[in-house]
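Engineer: Here's a structure for you.
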Amino acid sequence: MTIGARYARWRVEARQRRQHREFRIEEPLWGGEERTRLRELVTQVSTALAVAGQRPAEALEDNGSGLSESDLATAATALWRARKRLDGADDRAARQAGRLLAMSQDALEAAGVAVQDHDGTLYDSGLALEVLVFQDEPGFTAERVVETVRPSVYLADHRIQMGQVIVGCPVAPGNTEDRNARHH
């Protein structure tokens, strides 16, 4: 062990000794196999950081993690659905779960994954959305997304999943024509 390494270790130990015994972080009890695996993981992370100049999607494909854009979109959608179900919950456990899901969502966003909910958005036929149903909505003055069935998911501003929505349409007076037949 070099002098620099001994000094660095001494500094870490000294920082720990400043704390009460109950708050000290003990040295992990790792064997040789665990330390080797940790070194491999650090090398993989370092390699991934070096590849950071690429689009995140390319980094995912190239790093051998086995995580595809489709897997990422599926995971982001499941997180979105769970957050929507817990939204507005009033019991303590549901609020806590909601906070944990929000932290997971923040971590995905920090990694470049954006999940877009389209509820309430004005609909335009030029939007990159898959409309499942057009339905008449009394009181609407323009076509508007009334429900997002599946959100759009983006990775570094590149769409990896197209959203699926239900669009509400204004009802014209005396109009009984089927909207779905007219838009398809």
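Engineer: State yes or no: is GLU109 at pLDDT below 90 and either among the aliphatic types (A, V, I, L, M) or under 22 Å from the mean Cα position of the chain (by Cα) (or both)?
Structural biologist: yes
Engineer: Quick one: is LEU79 in a helix (DSSP H, G or I), closer than 30 Å to VAL45 by Cβ and either modelled with pLDDT under 85 or out of contact with any strand residue (DSSP E or B) (no Cβ under 9 Å at 6 or more places or on another chain) (or both)?
Structural biologist: No, not satisfied.
To keep it simple, each residue is scored yes or no on (1) in contact with a Lys or Arg (Cβ under 7 Å, 6 or more places away or on another chain); (2) at pLDDT 75 or above; (3) among the charged types (D, E, K, R).
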| residue | (1), (2), (3) |
| --- | --- |
| GLU61 | no, no, yes |
| SER70 | no, yes, no |
| ALA75 | no, yes, no |
| GLY98 | yes, yes, no |
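Engineer: What is the number of the single condition among (1) among the charged types (D, E, K, R); (2) open to solvent by less than 70 Å² (accessible area, probe 1.4 Å); (3) under 30 Å from PRO173 (Cβ atoms) that ARG150 does not meet?
Structural biologist: All conditions are met except number (3).
Engineer: For segment 103-126, give me each residue that is without any contact (Cβ under 8 Å) to a residue 24 or more places away in the chain and either open to solvent by 70 Å² or more (accessible area, probe 1.4 Å) or part of a helix (DSSP H, G or I) (or both).
Structural biologist: Matches in segment 103-126: MET103, ASP106, ALA107, GLU109, ALA110, LEU122, ASP124, SER125.
Engineer: Looking at ALA75, ALA102, ALA82 in this structure, which one is under 26 Å from GLY168 (Cβ atoms) and of a type in the set (Gly, Ala, Ser)?
Structural biologist: Testing whether each residue is under 26 Å from GLY168 (Cβ atoms) and of a type in the set (Gly, Ala, Ser) leaves just ALA82.
Engineer: Being modelled with pLDDT of 75 or more, surrounded by 12 or more Cβ atoms within 10 Å (Cβ to Cβ) and not hydrophobic (A, V, I, L, M, F, W, C): is that true of GLN16 here?
Structural biologist: Here the answer is no, as GLN16 does not meet what is asked.
The values are calculated or read from the model by the stated rules, or taken from the named source; none is laboratory data. Just so you know, these numbers come straight off a predicted model, no measurement behind them. Every residue, glycine among them, receives a Cβ derived from its backbone with ideal geometry; neighbour counts consider all protein chains shown. Protein only, heavy atoms only, side chains kept; ligands, DNA and RNA dropped before computing areas. Shrake-Rupley method; radii C 1.70, N 1.55, O 1.52, S 1.80 Å.
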